[in-house]
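Below: one structure, written as C-alpha cells.
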Amino acid sequence: MTPTERSPEQYLQWARWLLIAVLLVPIGQDVLSGTALTVDGWLGLWCFALAVQLVAYSPWPRAEHRRLSLHLLCDIVLWNGVVWLTGGATNPFAALLLIPLVLAFLLLPWRWAALLLIASIAGQLVQLVAVSDAHLGHDGMGGHFQAMVAGFVIAALLLALTLLYLRRQLHLRDLDLQRLRETQLRDEQLLAVGTAAAQLTHEMATPVQSIGLLLDEMELTLAPADRQETDAERQLIRRQLERIQGLLADWRLIAEDVRARRLQALPLDQLLQSVRQLLSITRPGEPVAWGEMKGVAGSGVRADRTLMPAILSLLNNALDAGGSVRVSGYCSAGLWRLDIDNTGRPLTPEQRARLGAECLPSDDGFGLGALVSYATLERFGGRVYWSGDEHSTRTRLELPIQELSEGE
C-alpha cells in the first residue's frame, strides 16, 4: 500500500528525496576535480539512497510496523554512511542519527524499536573501530572519538527510556479518558432512563387513583345481587390496584433514598428471602433452583432499596434467556458472591464483554436492566461479571459484606 499523506512513511520519503538531491553536490565536486567515482564513496551512497527510496514505494512488507521498521533501518544505514564519509566518529553531526530512533520509539512496538536502537549503536561502534588515529592524522585523539561514540550511546539509551516512559503514560491516559467517556455515556443513558421512569411514575399515579375512585363508585351503584356476583372480579381488580399503588410507593421511597444517599445494613438472609418471595410473585412457576447459600448468616451488605430491584433484574434476564436457572452464593474474603447460572440462550463473547457497560440492542430489548443493575451495584462497591460458553451463561455479582451486630 502506498503511504498516504501525513503518514510517517510519507515524511521519510520527502527527507530521502532531499538527501538524494544534496548528495549530488559532493558527486559534482568529485567530477569537477577529476576524482574517480567509486562505489564506496558518494556515488555508491547516492545509489543506495535511490534504491531505498524506490523500495519505500513498494507494498512489501504488508504489516505496517514491519514496513516502517525496514524503512527506518535503511535510513539508519544511509545516515551512517553519510556520517562516515564526512568524518566518521569525529563528526559531531552523528547526533542526527537520533532522529530515526525518536520515530521508532514513538511509532513502533518497543521490541522493533529496540532492534533499531541496537542497529544504530552497532553502526557507531563499527565506525569507531574503523577509525585509526594515523589515518586521520590526529594522534592521541582516540579517547576523544571514543567519548563521542559513548556520548551517542548514552544519549540514545536515555532517549529510548524517556520515550518509552512517555508513551506508556500517554497510553494510560488514553485508557483513563476512554473509561471516563464510557462512564459519562452510561451515566447519560441512566439519567435518560431515570427521567423517563420518573415521568412515567408521575403520570401513572393519577390514572391509578381515578380507577380506584371509579371502582368505588361502581360498587355503590351495583345492586346487592350484582355485587355478590361480581365480588371475586372486583377483589381481583382491587388487589392489582393495591399492587400498583405499592409499587409507586416503593418507587418514591427508592427515589428518596437515592436522593439522600441513605444507606442501611441489609441482612443477606432477609434480602435473599425477599428476593425469592418477590420472584415467586412476579414470575410464578419459573424453573429456578435455589442452591446453598454459604456463610450468609450474620452477614449483610450496606446498600439502599435499589439493590433488590437490581438483583431481580438480573434474575429476570436469566429467566428471559430460557432454560433452567440455578442460584447459589457464598461469602468469602469479605465479599458476597451470588451466581446465577442459566442454560438458555448463551451470550456471545462480545455481549459478555459489553453487557452492563452500555445499552446493547437485542431481540428482547436494549440491555437496560443489566445496565441499571451494573450501575447500582457499582454504587455499593460491587461488580457484575458475565461468563460462560456455548451451553450456559453465568452472571456473578459481588458486594462487600459487613458483620451485623445483634441490634441491626
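The values are calculated or read from the model by the stated rules, or taken from the named source; none is laboratory data. Everything quoted here is computed from the prediction, not taken from an experiment. With ideal geometry, Cβ positions are generated from the backbone for all residues, glycine too; neighbour counts draw on all protein chains shown. Heads up: the accessible areas ignore ligands, DNA and RNA and are worked out on the full protein's heavy atoms, side chains in. Shrake-Rupley method; radii C 1.70, N 1.55, O 1.52, S 1.80 Å.
For region 326-343, enumerate the residues that are surrounded by fewer than 16 Cβ atoms within 10 Å (Cβ to Cβ) and outside any strand (DSSP E or B). Passing the criteria: Ala333, Gly334. When region 91-111 is filtered for residues that are open to solvent by 80 Å² or more (accessible area, probe 1.4 Å) and either free of Cβ contacts under 8 Å to residues at least 40 places away in the same chain or under 13 Å from Ile76 (Cβ atoms) (or both), the ones remaining, listed by number, are Phe93, Leu96, Ile99, Arg111.
Among the candidates Thr376, Thr393, Thr348, single out the residue that is modelled with pLDDT of 85 or more, β-branched (Val, Ile, Thr) and under 26 Å from the mean Cα position of the chain (by Cα).
On the way: Thr376 fails: modelled with pLDDT of 85 or more; Thr348 fails: modelled with pLDDT of 85 or more.
That would be Thr393, the only listed residue that is modelled with pLDDT of 85 or more, β-branched (Val, Ile, Thr) and under 26 Å from the mean Cα position of the chain (by Cα).
Could you tell me which residue of region 294-311 is farthest from Gly382 (Cα to Cα), considering only residues that are out of contact with any strand residue (DSSP E or B) (no Cβ under 7 Å at 6 or more places or on another chain) and open to solvent by 30 Å² or more (accessible area, probe 1.4 Å)? Only one residue fits best here, namely Ala297. Filtered by the rule that a residue be in contact (Cβ under 8 Å) with a residue 40 or more places away in the chain and either crowded, with 20+ Cβ neighbours inside 10 Å or not in a loop (DSSP other than H, G, I, E, B) (or both), region 312-325 gives Ser313, Leu314, Leu315, Asn316, Asn317, Ala318, Asp320. The residue pairs whose first member lies in region 9-28 and is open to solvent by less than 30 Å² (accessible area, probe 1.4 Å), whose second member is of a type in the set (Val, Ile, Thr), and whose beta carbons are closer than 7 Å, counting only pairs six or more residues apart or on different chains, are Arg16/Val52.
State which residue is farthest from Pro92 (Cα to Cα) when the search covers only region 115-172 and only residues that are of a type in the set (S, T, N, Q), loosely packed, with under 14 Cβ neighbours inside 10 Å and at pLDDT 85 or above. So that I can check it myself, show each step before the final result.
The initial filter retains those residues of region 115-172 that are of a type in the set (S, T, N, Q), namely 120, 124, 127, 132, 146, 162, 169.
So of that shortlist, the ones also loosely packed, with under 14 Cβ neighbours inside 10 Å come out as 132, 146, 162, 169.
Next, from what is left, pick out any that are at pLDDT 85 or above: 162, 169.
Values: Thr162: 23, Gln169: 32 Å.
The selected residue is Gln169.
Looking at region 330-342 only, could you name the residues that are under 29 Å from the mean Cα position of the chain (by Cα) and of a type outside the set (Phe, Trp, Tyr)? Give the steps one after another, and end with the answer.
First, the residues of region 330-342 that are under 29 Å from the mean Cα position of the chain (by Cα): 332-342.
Ser332, Ala333, Gly334, Leu335, Arg337, Leu338, Asp339, Ile340, Asp341, Asn342, listed by residue number.
The set of residues from region 75-90 being open to solvent by 30 Å² or more (accessible area, probe 1.4 Å) and farther than 16 Å from Ala150 by Cα comprises Val77, Trp79, Trp84, Leu85, Thr86.
The set of residues in region 368-392 being assigned to a loop (DSSP other than H, G, I, E, B) and not small (Gly, Ala, Ser) consists of Phe380, Asp389, Glu390, His391.
Give, as residue ranges, the helices (runs of 4 or more DSSP H) completely inside region 24-114 that count at least 3 residues that are within 25 Å of Arg167 (Cβ to Cβ). If you could, list the steps in order and put the result at the bottom.
On the way: elements: 42-56, 64-85, 98-107.
Hits in region 24-114: 64-85, 98-107.
Listed here are the residues, each with its yes/no results for (1) more than 31 Å from the chain's Cα centre (by Cα); (2) at pLDDT 75 or above; (3) surrounded by fewer than 13 Cβ atoms within 10 Å (Cβ to Cβ); (4) under 30 Å from Leu307 (Cβ atoms).
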site: Glu188; (1), (2), (3), (4): no, no, yes, yes
site: Ala197; (1), (2), (3), (4): no, no, no, yes
site: His202; (1), (2), (3), (4): yes, no, yes, yes
site: Val208; (1), (2), (3), (4): yes, yes, no, yes
site: Ala223; (1), (2), (3), (4): yes, yes, yes, no
site: Ile254; (1), (2), (3), (4): yes, no, no, yes
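From the set of residues in region 1-23 that are β-branched (Val, Ile, Thr) and in a helix (DSSP H, G or I), which is modelled with the highest pLDDT? Filtering first and then ranking leaves Val22. Does region 267-288 contain at least one residue that is touching a Gly at 6+ places or on another chain (Cβ under 8 Å), surrounded by 14 or more Cβ atoms within 10 Å (Cβ to Cβ) and touching a residue at least 60 places away in the same chain (Cβ under 8 Å)? Looking through region 267-288, at least one residue is touching a Gly at 6+ places or on another chain (Cβ under 8 Å), surrounded by 14 or more Cβ atoms within 10 Å (Cβ to Cβ) and touching a residue at least 60 places away in the same chain (Cβ under 8 Å).
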